[in-house]
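The structure under discussion appears below in the form of structure tokens.
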């Protein structure tokens, strides 16, 4: 090749083509979305987040949570995300307009977290801290003979027997098997260490979140209701106290062990077994840990979007759902 | 043609004209000595650090409680440090070292303004060091390959500006009209990188784009870094080393031209295929998938060109370390691209998109292709800078086989593991935890491959250290992997 000018022009030209095509034009297309609202200008979604949530996003990024957890729900035709109850509908660009950084993630060594906040129990329904007397009736309901009815009440939370085809290998492998084939023929339900310590299982039907949770992990007795803030703290502090098969590292450096001064702090983690602090001590979250949990509790894409058709069930609950996508940046086909 | 009749070093030069040329070349090599060795030495140091981190990260992934209570040793911080040390510390610095040497040689002029390069290397090291500390202390930005906090990124950019302005200056002093293929790639890489890096930084941190577009810009950056920076340097180096070692011109300039421009055009449009069915306008993903498939054009032309150049000379891989590493890298480029096409197809991506398979893809590009080509070039260049030959052929062999088996095992483990993980994940009747558990045996296998790679890198660093301290062989005959005399060959040099 002779002559420098064509070489330089070509090098710049090809790159400019890619830069304009894959960043500038998309920015022009979907880079300036506004929150949606109904005709009266109420019911605005999404909303800007509080300072704690914003800081929590940075804690999430700083500790690399996004290397194992994605935050994007694919449409029902392109993956099992919705069947796994990771969301009621696919994610859309409008869901993320206040996210900075937008941590969509590319790996699922852990669950998708796009709707982890939506799976939290409703405030008023939260039962008292676990291990209380309320768990006794449910313990009976979880015996093999009545599993089917327990499952009907709250499928994912029920501590179900393992399917006969895949018997639990470890005595503590409570959460590894899905409640696919509950039945009297199954082996007796195995228990997590916490459940064993508490002497019973607690499906806690009252704590069932509105959009039913995934089959994993399962509610463990002696612990706060699943996906509540207190549960997240225990899970971050000691993932394997909740689920023996968990592959998540613990984040104990986000927590402080301190001596109880006069009364036990209301923030103190409800830990059992070997994780529990010695007598007279308590484990409390640092501010970063609180922000991180606040961020996770705010991850919620359950609000219907006009851009996106919600499959199945949610259509009934959202009259705003429209099959015709809104102009400007609809990802739907 | 059999191996015995082939010259193993430079093409035989006869008359006095050849002597002048050889003398000039030695002068040019000598002028590049200090800057290139600074880049290489830093790169090897980062390589060793990155390797140790890689082993740590790999073991932690299937042993989550290993040292997890210390904030700066948590998996989510050590992993980005490993990636960034490898990308910016090892691969970029070694690639720049090779590119600098090639630029001087191909411009046929002694290296001018070495201080620009020395300062560039210094600032680059400082930038990587600060970035690593920043991530460990919890300042990571969370975007793949852009995790370095802004105070480190700005230093890297300054360092890069010094190196790139040197490259442009050198180009002005070149002698001769013809611009060789390698120079197209190198010049392109030197110009693409700053635009890419600046665009990524500006659109993510200075004037951040909205929402999902941040993720799109992030993946556009990461993929283009792989193709337009590392890929371009790697291909350019292979275009120099293969013809040089076997002493034969490139098979076809026309093919090379097609290969270069189609590479520039198509590979720069990839990136979004890694977000198949994410919350983006579908045309973006489709465009990237199409571009990924179209990269088969440069793959075919480049591969064919190298193959036809090598035709009849493949037995030389038995002797020349440079050739063996470079040809392995060039072949891996084909494999890398084929795997890239395969995992970007929607029907396959559905299963492997969120799994370890994408890690396999990155390692194929950065290691099996780029790093192997750069190893090859270092085996060629370092003796010419130091005036000694590599001390042990056996160590080079060990390095090659440990690297080749290591990266081969890693790729297989991650691809197979990713597929297993993905099919489990796509089957909603299986608990999610089963998809995670099903990949753990493969991750242990990957850790095994990490041990092989660690061995190979330590062997290489030791050998490189011997060279650096002047403990290489004093000889005019390069170090061969197998004794040439035993085959009854006449070595021409």
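Some notes on this structure:
- Ellipticity estimate at 222 nm from DSSP helix runs (n ≥ 4, -39,500 (n - 2.57)) divided over chain B, nearest 500: -23000 deg cm²/dmol
- Inter-label distance for residue A:257 and residue B:52, nm, one decimal - labels placed 7 Å from Cα along Cα-to-Cβ: 2.8
- Average other protein chain Cβ within 10 Å of Cβ, residues A:70-83: 5
- Estimated inter-spin distance, residue B:19 and residue B:252, nm [label 7 Å along Cα→Cβ]: 4.1
- Ranking of B:413, A:47 by count of other Cβ atoms within 10 Å, fewest first: A:47, B:413
- Calculated FRET efficiency for the pair residue B:282/residue A:44, C-beta based, R₀ 35 Å, to 0.05: 0.85
- Protection proxy ranking, peptides B:171-182, B:283-294, average beta carbon neighbours within 10 Å, highest first: B:283-294, B:171-182
- Look at B:475, B:252 and count the other Cβ atoms within 10 Å of each Cβ; fewest to most, that gives B:475, B:252.
- Degrees separating the helix B:16-62 axis from the principal Cα axis of chain B, which is the longest one: 20
- Ordered by the number of other Cβ atoms lying within 10 Å of each residue's own Cβ, fewest first, B:326, B:270 fall into the sequence B:270, B:326.
- The Cα atoms of the stretch B:396-493 cover 67, 32, 16 Å along the three principal axes, with the biggest extent listed first.
- Length-normalised contact order for the stretch B:21-176 - Cα pairs under 8 Å, 6+ apart - percent: 29
- Helix B:282-294 vs. chain B, principal-axis angle (Cα, 0 to 90°, nearest 10): 30
- Radius ratio Rg over Rh of the stretch B:308-373, counting only Cα atoms, Kirkwood formula for Rh: 1.13
- Remark: the residue B:195-residue B:27 segment gains 57.1 nm on full extension, using 0.36 nm per residue and subtracting the alpha carbon distance.
- The Rg/Rh ratio for the stretch B:21-176 is 1.09, where Rg is the radius of gyration of the alpha carbons and Rh is the Kirkwood radius.
- Residue mean of other protein chain beta carbons inside 10 Å, B:64-73: 4
- Under the Debye formula (equal points on every Cα, no solvent term), log10 I(q)/I(0) of the stretch B:167-254 at q = 0.11, 0.15, 0.18 Å⁻¹: -0.44, -0.69, -0.84
- Residue mean of other protein chain beta carbons inside 10 Å, B:199-211: 4
- Viscosity 1.002 mPa s, temperature 20 °C, Stokes-Einstein D of chain B from Kirkwood C-alpha radius, µm²/s: 92
- The angle between the Cα long axis of helix B:181-201 and the longest principal axis of the Cα atoms of chain B comes to about 30 degrees, rounded to the nearest 10.
- Estimated FRET transfer efficiency (residue B:137, residue B:398; beta-carbon r; R0 60 Å; 0.05): 0.95
- Inverse mean reciprocal Cα-Cα distance (Kirkwood Rh) of the stretch B:181-306, Å: 15.5
- Residue A:287 versus residue B:342: modelled label distance in nm, points set 7 Å from Cα along the beta carbon direction: 5.1
- Efficiency of FRET between residue B:69 and residue B:206 - r from beta-carbon atoms, R0 45 angstrom, step 0.05: 0.80
Every number here is computed from the coordinates shown, using simple stated rules; none is lab data. This structure is a prediction, so every number in the text was calculated from the model and none was measured. Don't worry about glycine lacking a Cβ; one is built from the backbone with ideal geometry, like all the others, and counts go over all protein chains shown.
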